[in-house]
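Below is one structure, written out as structure tokens; comments come after it.
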Amino acid sequence: MPPGAQWCYCCNRRVACMVTQAIVNYNAPVHNCPTKDNAYISVDLYFSFRMPRQQQEVKNFVYRLGAGRFDELLYAEIDEGIRNFINGIWLSQVFDLKGDMARQMIQDLNSKFAIFGVIFENCNVTNVHVNQTLTQALEEKTKCKYMLANHIKEYGNQKLTLENQQNQELTDMKRDNDRKMQDLKSQIDRAKVEQDQFRMTANTNMEVAIVKAEETGTVLITQVEGEKNTTASKAQGSVVEIVNRARAQANERVTAAKQAADVKTIEAESKLQATRALYAALAEEGRAEAANLDAFDAQRRHNYEIKRAQVFEELACSGKNIVMSGETGDNLLSQLISSDGNIAKKK
């Protein structure tokens, strides 16, 4: 039936229900929804939707769903959708994802109630209730996050400033190095030019010096040859004089040597004669001793016994107790008495 006044209406028909075409506002609070980190929050949702306008859609809505069941089904869908959505996010993301939550709810509800002609046009998350302690923790976390972001930004700015300073210093250093390299190249070029000039000057001076040296050498050679001839003449006269003097000295030494040899020969002859005479005398004495050997032997034994008695007397007078016997005593007496009959002196 079209909307508006109906001036002609059959009596066999009746009005079963009336569906408004205005926008309907719907509040759907959801309490104690657990987040991914097990924090419980409450969400207040505000919906606006339109009822069906087509006749068939209105029939489907009235006879298949009804207002009561629509309210129950709508609340159940909203509660389930909100809980599933919140259960998949962290507490810190709740306030940031309110728009995503509303868009997802609009899509889910439109897909669920499209067959009944209900069109959801708007969905707003009016409020999110969090525990006060959690709220303070979130505020502190937000502050820390912003502080961290500010610190990161300051660090980035400082880093960028330092990089710019370093790049500027590096550019200045490169510029200074390029200038120094250019100066060094200029100095090297000047040094090469000066070296070439010095080499040319040195070659010129060397050639002049060679010419002067050759001239000086020629003069010196002439002088030396003259001095050589003069010195050769003088040396020849000196050599003759030295040779004559050496010959005279050699003759004198030869004469002196001959005289000394004659004297040594005479002395040797005299010593030989004296030695022969001494040998003859000793031989004669030996023959005489051999002829009187018994008499000399008796005299030696007599002297030996006398000296032996004197030695024993001295030992007895010394006051020392000395025992001499056998071969040891004979050796001691032999040491005390010499072979010629004299007593050995104590050192």
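The values are calculated or read from the model by the stated rules, or taken from the named source; none is laboratory data. A quick note: this is a predicted structure, and the numbers were derived from the prediction, not measured. Quick reminder, even Gly has a Cβ in these numbers, built from the backbone with ideal geometry, and neighbours come from all protein chains shown.
The table for this structure:
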quantity	calculated
One residue from 252, 267 being more than 60 Å from the chain's Cα centre (by Cα), at pLDDT 80 or above and either hydrophobic (A, V, I, L, M, F, W, C) or surrounded by 10 or more Cβ atoms within 10 Å (Cβ to Cβ) (or both)	252
Residue satisfying condition, being over 60 Å from the mean Cα position of the chain (by Cα) and of a type in the set (Ser, Thr, Tyr), within set 48, 92	48
Pairs with Cβ under 6 Å, 6+ apart, first in the range 111-135 and in contact (Cβ under 8 Å) with a residue 24 or more places away in the chain, second in a strand (DSSP E or B) and of a type in the set (S, T, N, Q)	121/48; 122/48; 129/42
Top-ranked residue in the range 103-112 [being charged (D, E, K, R) and surrounded by 13 or more Cβ atoms within 10 Å (Cβ to Cβ); ranked as farthest from residue 46 (Cα to Cα)]	112
Condition broken by residue 115, with the remaining ones in (1) surrounded by fewer than 16 Cβ atoms within 10 Å (Cβ to Cβ); (2) of a type in the set (A, V, I, L, M, F, W, C); (3) farther than 30 Å from residue 22 by Cβ; (4) modelled with pLDDT of 80 or more satisfied	(3)
Selected residue (only one of 112, 36, 59 is of a type in the set (D, E, K, R) and closer than 30 Å to residue 142 by Cβ)	36
The range 49-102, subset of a type in the set (Ser, Thr, Tyr) and either farther than 20 Å from residue 127 by Cβ or out of contact with any helix residue (DSSP H, G or I) (no Cβ under 9 Å at 6 or more places or on another chain) (or both), residue surrounded by the fewest Cβ atoms within 10 Å (Cβ to Cβ)	63
Neighbours by Cβ (under 8 Å, 6+ apart or cross-chain): first from the range 29-41, surrounded by 11 or more Cβ atoms within 10 Å (Cβ to Cβ); second in a loop (DSSP other than H, G, I, E, B) and of a type in the set (Val, Ile, Thr)	35/89; 35/94; 36/89; 41/35; 41/94
Filtered residue count, the range 123-155, keeping only those that are part of a helix (DSSP H, G or I), under 15 Å from residue 95 (Cα atoms) and of a type in the set (Ser, Thr, Tyr)	2
Residue match in the range 54-71 (condition: closer than 19 Å to residue 26 by Cα, in contact (Cβ under 8 Å) with a residue 60 or more places away in the chain and among the aromatic types (Phe, Trp, Tyr))	no
